[in-house]
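Here's the structure, in structure tokens; my notes come after.
The values are calculated or read from the model by the stated rules, or taken from the named source; none is laboratory data. These figures come from a predicted structure and were not determined experimentally. Here the Cβ positions follow ideal geometry from the backbone for every residue, glycine too, while neighbour counts run over all protein chains shown. Side chains included, ligands, DNA and RNA excluded: accessible areas come from the protein's heavy atoms. Shrake-Rupley method; radii C 1.70, N 1.55, O 1.52, S 1.80 Å.
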Amino acid sequence: MRRGGERRGPGAAPGRAALDEQQQRPPLHNGGGPAAPERAPLPSAADRDGPGPGLRRSTESEGFDDGTNTFFWRAHTLTVLFILTCALGYVTLLEETPQDTAYNTKRGIVASILVFLCFGVTQAKDGPFSRPHPAYWRFWLCVSVVYELFLIFILFQTVQDGRQFMKYIDPHLGVPLPERDYGGNCLVYDPGNQTDPFHNIWDKLDGFVPAHFFGWYLKTLMIRDWWMCMIISVMFEFLEYSLEHQLPNFSECWWDHWIMDVILCNGLGIYCGMKTLSWLSLKTYKWQGLWNIPTYKGKMKRIVFQFTPYSWVKFEWKPASSLRRWLAVCGIIFVFLLAELNTFYLKFVLWMPPEHYLVLLRLVFFVNVGGVAMREIYDFMDDPRFHKKLGQQAWLVAAITATEFLIVVKYDPHTLTLSLPFYITQCWILGIILVLTWTAWRFFIRDITLRYKEIRRQKQEHRHEKDKCLSNGDGHPVGLDEPSGSRLRERK
């Protein structure tokens, strides 16, 4: 596969510098004019946000685009504005306003949100993703703003008013949750139950099992690193052990924690996610307009591939390469775990049943915004420019996670301040000490030790060279031949 305008002769393939030079100087036709490129090269993330034009990161796949701009990809700002104005005019001139104040308030809030979403979808700044359409990701960016404003509104209410406000969304909310027994009998084989000795296992196989699997499959596509996914998965199980005295639904059987969750659901989801990442990194990203494809099979394949990434960037977090990246990766893991805990604590303090549709909508929301946020965080860490800023979606996700936690703190401080059991506290103190010790050794003590060894080695070489010079009797190294002198200079 070659770029448009490149020609390769027989023999060894040219290097990257030669390819860049050929790309900057297009070949000539027989008539002497510049040749038109066969297809436009894919604009990479480095082209948009990197230190200079024409640069592509080594972890980014190369792709091609013929530059077709159809009706599907145009802005349609005037069309959306015309439709929105007609809808508002219809409500104003032709529809009679009801006399129900609560109904008018709800409808006014919904209409305001829809107008904001229409503005954001057509006018907001594009993010790093463009498939299936940039407007799709702009929509979720605007939903993030709406959700953050809703959380801030809830944060500024009293506890009782905030819980009763949920009745405006669903009349069945605002009621204390019933007590449930989540731990119970943990026997894998229950001999006391003659009809079904394995009833404890079948009771755990509910709708949350596929939710765990698909959740971790999608999280793997966001994080794109096996080690980080496994650390977050295992760490969350330790958090469930540590906080089961606060929330009763954290109380699970040991085999539910480590076999069903970590190994089966989470582990299988991470494995399938890594296989998908491997396929995406090897896939050829060649984009062609739908009407430029001659066969119906090719058209159907192009429609399906519209829901795959426009290009692919392999995440290389490299947490041990520098203190900055180590702290950044630790911060990412912390925010991930905090967002996971917020799912359970928000249900508890706002009195929402686990099967309520608002809980599912929140998970769908984080699935759509999490991938964009992780890409923006990675670009922020990988960007060598000094004057850079965090991406808009990553900023909103961090703000949403912090606001959710503040709501939990305000609405139920008594639950959060329940003291940890003594053995749990000892385990966490030991873990924190180990992490801090490794950090100090890796980024401070180890560097000082290596620098001391290097200085000591240089002094020994200098002393050895000086002794050889003195052994000649005239004070300068006349006895050194040219090859040995060159080797000594290279070693210096």
Any pair with Cβ under 6 angstrom, 6 or more apart, that starts in the stretch 161-177 at a residue that is of a type outside the set (A, V, I, L, M, F, W, C) and ends at one that is loosely packed, with under 14 Cβ neighbours inside 10 Å and assigned to a helix (DSSP H, G or I): G174/K167
Considering residues of the stretch 386-436 that are hydroxyl-bearing (S, T, Y) and under 28 Å from the mean Cα position of the chain (by Cα) only, the residue farthest from E148 (Cα to Cα): T401
So which of I432, I424, I455 ends up being under 30 Å from A320 (Cα atoms), modelled with pLDDT of 90 or more and open to solvent by less than 90 Å² (accessible area, probe 1.4 Å)? I424
I'd like the full set of residues that are modelled with pLDDT of 90 or more and either of a type in the set (D, E) or open to solvent by 50 Å² or more (accessible area, probe 1.4 Å) (or both), limited to the stretch 265-286. L268, Y271, M274, K275, S278, W279
Test of understanding: among Y168, Y241, Y182, which residue is aromatic (F, W, Y), modelled with pLDDT under 80 and surrounded by 12 or more Cβ atoms within 10 Å (Cβ to Cβ)? Y182
Are any residues in the stretch 123-150 assigned to a helix (DSSP H, G or I) and open to solvent by 30 Å² or more (accessible area, probe 1.4 Å), and if so, which ones? Q123, Y136, W137, R138, F139, W140, V143, V145, V146, Y147, L149, F150
Helices (runs of 4 or more DSSP H) enclosed by the stretch 328-421 - at least 1 residues per element that are under 26 Å from G273 (Cβ atoms): 357-382, 392-411
Among K388, K347, which is the only one that is charged (D, E, K, R) and touching a Phe, Trp or Tyr at 6+ places or on another chain (Cβ under 8 Å)? K388
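Being among the acidic types (D, E) and within 21 Å of the chain's Cα centre (by Cα) is the filter here, so list the residues in the stretch 132-185 that pass it.
Listed by number, the list holds a single entry, E148.
Take V175 and decide whether it is open to solvent by 50 Å² or more (accessible area, probe 1.4 Å) and out of contact with any Gly (no Cβ under 8 Å at 6 or more places or on another chain).
yes
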